[in-house]
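The values are calculated or read from the model by the stated rules, or taken from the named source; none is laboratory data. Everything numeric in this text was worked out from a predicted model, so none of it was measured. Note that each Cβ is placed from the backbone with ideal geometry, even for glycine, and that neighbours are counted across all protein chains shown. When the accessible area is computed, the model is the full protein with side chains, heavy atoms only, and any ligands, DNA or RNA have been set aside. Shrake-Rupley method; radii C 1.70, N 1.55, O 1.52, S 1.80 Å.
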Amino acid sequence: MNNLNYCASSFLLYRRVLNSNMCFANNRKPKTISNSWDKTPISNDEELEAHLKKVVQEKTKDGKCALALSGGIDSAILARYMPKGSMAYTFKCTAGNIPTVDETQKAARYARECGLRHKIIEITWKDMEEYAPILMQEKNAPIHSIEVQIYMAGIQAKKDGYKKIIYGETADVNYGGLSNILSREWTVGEFIERYAYLKPWCALVEPEVDFSGIAQYIMKNGNVDVHNYLSKFDIIESINSYINACETAGIEFVAPFADTYLSVPLDIERVRRGENKYFIRNIFNRLYMDFSIPDKLPMPRATDIWLKDWQGPIRREFIPNCAKNMTGDQKWMLWALEKYMNMVD
């Protein structure tokens with residue numbers, strides 16, 4: 001069913017169209033996945049380490065698998081299991097002479113430590129403009145800003161002779177890595193106000209909001225079950241973005257953390273005391289005894305700089321000047337949404 005207002009509102013709130021039967025236009029259903037893939041139960045860090053090592057060894061035995069290596073601990077752990085001489089790709093978003101988040105030096109240190117070859121993939125705003133429409137066309141929906149760099153990595157890997165790329169995605173949502181959102185209890189209203197990606201009623205003239213994605217994780221005390229929301233609901237959008245970008249590039253997406261789930265209760269107090277992702281921290285400390293755990297950074301994207309002077313959407317569906325005072329990532333969502341609306345008109 002075509003329902004532009006519903007789809008636009010859902011994308012802004014969840015970064016995906018929640019109702020899989022709804023379409024922006026042309027009866028083309030947005031590509032999505034379910035949360036029903038097979039997962040290995042994990043109750044301690046030894047089980048997690050054994051699983052990660054097994055998956056990496058299986059996927060790399062044909063010599064056709066590369067690694068996406070950031071400056072964080074998740075992909076660094078996976079790097080330890082890669083065969084010597086394997087290729088590791090690190091993303092770097094650039095904006096002329098303006099400094100941006102740069103993980104390349106930290107990633108290079110992991111690559112040297114593990115005996116991996118290392119290649120930097122630079123992403124510019126021109127790349128975003130060029131490749132975003134290709135990914136939107138394939139997805140039948142606007143895209144997450146990370147999809148362009150994942151797509152570019154896939155294209156480069158294919159040129160280099162690889163068929164698969166391993167990512168450390170979902171380690172955070174599965175194992176208590178998002179410290180800010182896990183730092184306290186949240187009522188439903190507080191959760192929506194603080195953690196909705198972009199509140200539709202702040203951008204759209206006729207928002208049609210579906211809160212059922214959040215409602216299913218409301219506990220008896222009226223607060224949101226944040227860990228389950230992240231690991232069972234939010235994970236779908238994340239994995240869907242990686243799959244779309246990789247499939248469009250024609251390369252296999254491998255995510256060893258995503259094939260697991262925490263089978264024991266998350267020790268939320270331990271997370272709130274400053275030891276987030278404690279299973280993963282334990283593994284990292286065993287594998288990199290001379291390394292300190294770096295600060296958590298999201299996948300690099302220079303949206304704050306790229307869209308600094310963008311005035312916002314001009315289509316009639318949007319509130320005039322709605323992009324004013326929004327973050328770069330929020331502006332990206334508006335930019336992508338308007339771009340896709342123009343594509344399907």
Original post:
Whole-Hz Karplus ³J(HN,Hα) for segment 256-268, in order, using 6.51 cos²θ - 1.76 cosθ + 1.60 and θ = phi - 60°, x for Gly and Pro?
Top reply: x, 5, 6, 8, 10, 8, 6, 8, 10, x, 5, 7, 5
Original post:
How would you classify segment 88-166 from its alpha-carbon gyration tensor, with a ≥ b ≥ c the square roots of the eigenvalues: rounded for a/c under 1.5, else prolate if a/b is greater than b/c, otherwise oblate?
Top reply: oblate
**OP:** Answer rounded, prolate or oblate for segment 1-121, using the Cα gyration tensor with square roots of eigenvalues a ≥ b ≥ c: rounded when a/c is under 1.5, else prolate when a/b is larger than b/c, else oblate.
**Re:** oblate
**OP:** Per DSSP H run of at least 4 residues, take -39500 (n - 2.57); add these up for the chain, divide by its residues and hand me the 222 nm value, nearest 500 deg cm²/dmol.
**Re:** -12500 deg cm²/dmol
**OP:** Indicate the gyration tensor shape class of segment 142-240 (rounded, prolate or oblate), computed on the Cα atoms with a ≥ b ≥ c the square roots of the eigenvalues: a/c under 1.5 is rounded; otherwise a/b larger than b/c is prolate and the rest oblate.
**Re:** oblate
**OP:** Compare Lys84, Lys158, Lys220 in a GNM of the chain, Cα atoms joined below 10 Å, and give the one with the largest fluctuation.
**Re:** Lys220
Subject >> From phi via Karplus (6.51, -1.76, 1.60), per-residue ³J(HN,Hα) for segment 90-98 in Hz, x at Gly/Pro >> reply: 10, 7, 9, 7, 10, 9, x, 8, 7
Subject >> Val205 versus Glu269: modelled label distance in nm, points set 7 Å from Cα along the beta carbon direction >> reply: 5.4 nm
Subject >> Per residue solvent-accessible surface (Å²) - the chain, probe of 1.4 Å >> reply: 45 Å²
Original post:
Which of these, Asp160, Asp295, Asp234, has the largest mean-square fluctuation under a Gaussian network model of the chain (Cα springs below 10 Å)?
Top reply: Asp295
**OP:** Give the percent of DSSP beta bridges with both residues in segment 82-126 that are antiparallel, rounded to the nearest 5.
**Re:** 10 percent
Original post:
Which angle from 0 to 90°, rounded to the nearest 10, does the C-alpha axis of helix 328-344 make with the longest principal axis of the chain?
Top reply: 60 degrees
**OP:** Could you pull out the pairs from Lys199/Lys324; Lys92/Lys139; Lys159/Lys331; Lys277/Lys308 whose alpha carbons sit more than 22 Å apart here?
**Re:** Lys92/Lys139; Lys159/Lys331; Lys277/Lys308
**OP:** Using Cα centres only, tell me the gap between segment 239-313 and segment 124-148 in whole Å.
**Re:** 21 Å
Original post:
How about Lys158: which aspartates and glutamates have a C-alpha closer than 17 Å to its C-alpha, ignoring those fewer than 8 places off in the same chain?
Top reply: Asp62, Glu122, Glu147, Glu247, Glu252
**OP:** Could you check how much of the accessible area of segment 1-143 is carbon and sulfur, as a whole percent, using a 1.4 Å probe?
**Re:** 47 percent
**OP:** Taking the chain as the reference, fit the longest principal axis to its C-alpha atoms, fit the long axis of helix 125-139 to the helix C-alpha atoms, and give the angle between the two in degrees, 0 to 90, nearest 10.
**Re:** 80 degrees
Subject >> Modelled FRET efficiency - R0 22 Å, Thr187 with Asn5, Cβ distances, 0.05 increments >> reply: 0.25
Subject >> segment 194-345 - percent of accessible surface contributed by carbon and sulfur, probe 1.4 Å >> reply: 48 percent
Original post:
What is the distance in Å between the Cα centres of segment 166-227 and segment 51-78?
Top reply: 30 Å
